[in-house]
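The structure appears below as structure tokens.
Bear in mind that the values in this text are calculations on the coordinates, not laboratory data. Everything numeric here is computed off the predicted structure, so don't read it as measured data. In this analysis, Cβ positions are derived from the backbone assuming ideal geometry, glycine residues included, and neighbour counts consider all displayed protein chains.
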Amino acid sequence: MTAVEPNRTARAAALEAVDLTKHFPVRRLGFHRRVVRAVDGVSLRLERGGVTAVVGESGSGKSTVARLLARLITPTGGEIKLAGQPVTGHSADLAYRRRVQLVLQDPFSSLNPVHSVRYHLYRPLQLHGMTEGDPDAAARQLLTRVALTPAAQFIDKYPHELSGGQRQRVAIARALAVRPEVLLADEPVSMLDVSIRLGVLNLLADLRDTEELALLYVTHDIASARYLADTVMVMYAGQVVEVGPATEVTDQPAHPYTQLLRGAAPDPQRAQVVVTTGRGSPPSLVSPPTGCRFHPRCPHAMAICKQTAPPSVPVSAGHVAACWLHTDSGAAR
Amino acid sequence: MSLDIDPAAGTDVAVAPVGITRRRSRPVRLPRSPKILCGLGLLAFFVILAVVGPWLAPYDPTAVGTDLLAPPSAAHWLGTTQSGQDVLSQLLIGTRPTVLIGFLAGAIATVLSVVIGISAGYIGGLVDDLLSLVTNVFLVVPSLPLLIVLGAYLPQGTGSNPFVIALIISITGWAYGARVLRAQTLSMRRRDFVESARVIGEPRRRIIAAEILPNLAAIVTSSFLFTVLYAIGTYVALAFLGVVDVSHWSWGTILFWSESQNAAQVNAWWWFVPPGLAIALLGTSLALINFGIDEFINPRLRSAGVSRKVARRTGLPKRSKLGLTPVLGGRR
Amino acid sequence: MTDIVLDIDRLSVAYGVEDNAVTAVADVSMRLRRGEVLGLAGESGSGKSTLVQAATRLLRPPGVITGGRVTFESADGPVDMLAADEHRLRKLRWSGISVVFQSAMNALNPVYRIGRQLTEVLRAHRPGMSTADRTARAKELLRMVGITGDRLNSYPHELSGGMRQRVMIAMALALEPRVVIMDEPTTALDVVTQREILGELIELRDRLGFAVVFITHDLSLLIELADSIAVMYAGRLVEHAPARDLFDAPRHPYSYGLRNSFPALSGPVERMTGIPGSPPDLSDLPPGCPFHPRCSFAVARCATDMPQLVPPAGDGSGRLVACWRHEGTEPPPAVLAVPTVPAAPIRTTVAPIAGGAV
């Protein structure tokens, strides 16, 4: 794995989201229709042969973004473009699913306990009419691609006979069966044993290189995002607060929330203990704070932060942050 | 496990840590619990009786005889009725329709509850609202009065047709199972493998049939057995009340005649006790199997602890107290 | 010797009996000193939770303690935890040793206000306290963990996950125990809340002087938090060393692999390998060292003989390792023999950094 090249030539975006919004209705016995603003105005680009990490905590909306991109939920606003073409309607569903796949977090429930590994791997091929040749050979080849060898040993097993890491690999193999262009991974290693995580992360990195996949890696762990991703996008309370090259965002975070996240993450190589300011918890998404949603917790909050939501301000090449501090009128960092 | 009714089950009983895997190549294993074996044995007995009963019966059940209201004897093992009919023969002949209608009604009701319950749970929205409304109506309507009314409207000649009877009984028997399955489907819908199936591109009907339903196998079985129990009880009640044609022998019919001839007053216990006992035993067998399935689904219900022999050998208490982990070596 | 508050000596625990028995903890010995923070690290199947549950006799069936001895130094003198009867254990629990579990925030009864749940603890163990005293103490406990006193009247569902965990910690400290055992207390919380709670915990420890056994799978957390770290694998203790030493110079191949499983937050991004293979199957352990199938430093002896937990050859620092490569007849592999440099103590009082990158 090499360090990020800052001047990557512009590649075609495999999957792009423009101003994606999702509001969930809240069932209330009242007059006002209240909504949970789970995702608000999120834009991102996934490029082939690249990993984009979405970092955030629970309630930040990152999992909702993954599900929106996988078209498991329909957006309230904004649009999704696949290779430049806007995606609409239901008729495009199966074709979309051939090109965009999803891997979920929980290895213990992402595989159906009553079906064998062979069924899990063969079913997507059947659904998309890719069944020429020997189905067993196809399944075995998939298992080899995710380093579950010898494949013959695994193909007849049921999920409860596999370990967490092996199940996750089967889930990845299933997603790869239809040869997608985009692979969305929602916290794929969070529930795995620590010593196994790197193996799966390395597998994703290899798939990015060999298959030129566009990978979305959703996580709450900023260290693994730094390890795997080329681009890191930080989300807070349903909005994007910072985007940039992975090492730059983690080493020189521009947004106060990213700084808080970076400081709070365990770092054995840190010289001193960090005492964090910015105490508190993420806001309610039913009635989020006005202006910048982070301002109640922000140590640098100014008057304007309470009134107006900040724009995306460039901090350096390819690195933007949604923070008033970085505009000309804001205080210098 | 194939079913997660109680996801927190693992926190109560110390299920062995993650590192321990069981050697099973199929997800379904027959539990060797004594409850299930006992229940299955009893049920098998009655099913066999239903099949061979008519051949075993020593007399024609309707044939009147000379021995009136005779207590059990060598000639009539269960005695005779007011008109000299052999109770044992009536019981044996009557087993088949009782068991048959019970299972038939159970099957039809279960199919209905599966289709309606799972569809309501998975499709959601307006469909769910409508189906739930129908389910609730059928839950609330008192079943026996409804069946009596329906029975009165049956076309002539069909009153003894077991399929027709099973059909009308199943109309009142599907609603409870449908509610249970709807609740289970709702919780299963959010499981990751269902979402993954959607992402793969699986169509909705296949998700219901091939992804969700196999996982509900244990619950559907349990619901089926429960419904059979209900159907048998209802059929007996209908026969007892004379709603169904009493010229066709069933356990309920025996009770009908024994009641109308005041068998209890004349202390002719051999007339009503055997059919009552048979009903009770058949019901018990079904209930035992159900309990066994419950334990299978929810490990918490399994009786923890060690057998007496092992307890003696190792010095451990038979059932360890919570908060007092036993120590091998006998120290308490 | 009264400096030691908890002495676990060759404890062994199994699930099931006789033929069905699976050994979950085998021959584990460790000592906890007054005021020490001991980190217990391991993954699934390591036996770390089973160990502490057995030591406090809180292990649920089918768990059985199969050997060893646990001595707790209570205010009334040493107590043999494995021989104690129910009465004794009940007295000890919470006032001598208290436990906070992973989903402890779900251990709060949803229909009672938290003030009542706190005072219940006091009422059960301190019958002499008056109601006013109990309420005052409950308020003080909440204040200690950073929750305002008015929250006494809140129901659990009105508090966030982090706050509920803090309430559990307050409850655990209510009777000023000597030992607090925490089993993955912050795993279910977000990283910022985790940082805050751990900071508060250290402050409380400095003030009240209790010892902590902190169980987690997140080794990187322990480096900053613990005084010493014990690493478990497949029910055995494989290494026990001061925290900084373990991180700078791990001796056991598993500790080494584990340490290298955490991507760094600084420095160049280089490919890391973690540990190959899968977590152990406790019902089917190989002979010899349980880690040897995954170990890149294994030699012939590792497959036949079980290594003992002893100081590595030539090391007098008090560290313990269970590995044949450190036996002494041959020099250990270079990466496992990095010399340890005495480092400055981990915790220094530092001026607040405004959440910035360090």
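Pairs of alpha-carbon atoms within less than 8 angstrom and 6+ residues apart define the contacts here; what relative contact order does chain A have, in percent? Relative contact order for chain A comes out at 21 percent.
For the peptide A:220-226, the mean number of other protein chain Cβ atoms found within 10 angstrom of a residue's Cβ is 3.
Residues in the stretch B:76-82 carry Karplus couplings, in order, of 10, 4, 10, x, 10, 8, 4 Hz; the curve used is 6.51 cos²θ - 1.76 cosθ + 1.60 with θ = phi - 60°, and Gly or Pro positions show x.
Counted residue by residue at 0.36 nm each, then reduced by the alpha carbon distance between them, the extension gain from B:S83 to B:D67 reaches 5.0 nm. Amide hydrogen proximity for A:V39: with H placed 1.01 Å from N in the peptide plane, the residues at 5 or more positions away or on another chain lying under 5 Å are A:K22. When the Cα positions of B:I254, A:A254, C:A132 are compared along the charge dipole of the protein assembly as shown, C:A132 comes out farthest toward the positive end, with charges on each C-beta of Lys, Arg, Asp and Glu. Taking all Cα pairs closer than 8 Å and separated by 6 or more residues, the relative contact order of chain C comes to 19 percent.
Each helix, a run of at least 4 DSSP H residues, gives -39500 (n - 2.57); summed and divided by the residues of chain A, these come to -8500 deg cm²/dmol at 222 nm. Note that the stretch C:81-96 has calculated 3J(HN,Hα) couplings of 5, 7, 9, 5, 8, 4, 4, 4, 4, 4, 5, 6, 5, 6, 8, x Hz, one per residue in order, obtained from phi through the Karplus relation 6.51 cos²θ - 1.76 cosθ + 1.60 (θ = phi - 60°); glycine and proline are x.
Cα centroids of the stretch A:44-82 and the stretch A:126-164: 28 Å apart. Helical runs (DSSP H, four residues minimum) scored at -39500 (n - 2.57) apiece and divided by the length of chain C put the mean residue ellipticity at 222 nm at -7500 deg cm²/dmol. Estimated at 0.36 nm per residue, the fully extended path between C:N109 and C:Q308 surpasses their Cα-Cα distance by 67.2 nm. All Cα-Cα distances of the protein assembly as shown, cut into 20 Å bins from zero to the largest, leave 11, 35, 34, 15, 4, 0 percent in each bin in turn. Computed over Cα pairs, the Kirkwood radius of chain C leads via Stokes-Einstein (1.567 mPa s, 4 °C) to a diffusion coefficient of 59 µm² per second. Neighbour counts of other Cβ atoms within 10 Å put C:W94, B:W257, B:W271 in the fewest-to-most order C:W94, B:W257, B:W271. Summarising the label geometry, the points placed 7 Å from Cα in the beta-carbon direction at C:D133 and A:V286 lie 4.2 nm from one another. When the Cα positions of B:T62, A:P288, C:L142 are compared along the charge dipole of the protein assembly as shown, C:L142 comes out farthest toward the positive end, with charges on each C-beta of Lys, Arg, Asp and Glu.
Between the residues C:A172, C:L58, C:F101, the greatest Cα displacement towards the positive end of the dipole of the stretch C:4-226, with unit charges on the Cβ of Lys, Arg, Asp and Glu, is found for C:A172.
Ordering B:Y176, C:Y233, C:Y112 from the fewest to the most neighbouring beta carbons within 10 Å gives C:Y112, B:Y176, C:Y233. Once backbone amide H atoms are built at 1.01 Å from N, A:Y236 has A:V241 as its partners under 5 Å, excluding neighbours fewer than 5 places away on the same chain.
Look at A:K22, B:K321, C:K91 and count the other Cβ atoms within 10 Å of each Cβ; fewest to most, that gives B:K321, C:K91, A:K22.
Shown is the FRET efficiency for B:A217 and A:A147, computed with R0 = 25 Å from the Cβ-Cβ distance and rounded to the nearest 0.05: 0.15. Evaluated with a Cβ-only charge set (Lys, Arg +1; Asp, Glu -1), the stretch A:164-251 carries a dipole of roughly 420 debye about its Cα centre, given to the nearest 20. Here chain C is treated with +1 on each Lys and Arg Cβ and -1 on each Asp and Glu Cβ, and its dipole about the Cα centre works out to around 960 debye. Amide hydrogen proximity for C:R33: with H placed 1.01 Å from N in the peptide plane, the residues at 5 or more positions away or on another chain lying under 5 Å are C:V5. The phi-based Karplus calculation (6.51 cos²θ - 1.76 cosθ + 1.60; θ = phi - 60°) puts the 3J(HN,Hα) values of the stretch C:25-33 at 9, 10, 6, 9, 10, 7, 10, 10, 8 Hz, whole numbers, x for Gly and Pro.
Extending 7 Å from Cα along the Cβ direction at C:D76 and again at C:S317 yields two label points whose distance is 4.2 nm.
Taking a ≥ b ≥ c as the square roots of the eigenvalues of the Cα gyration tensor, chain A is classed as prolate, since a/c reaches at least 1.5 and a/b is larger than b/c.
Counting only Cβ charges, +1 for Lys and Arg and -1 for Asp and Glu, the dipole size of the protein assembly as shown around its Cα centre is about 1160 debye.
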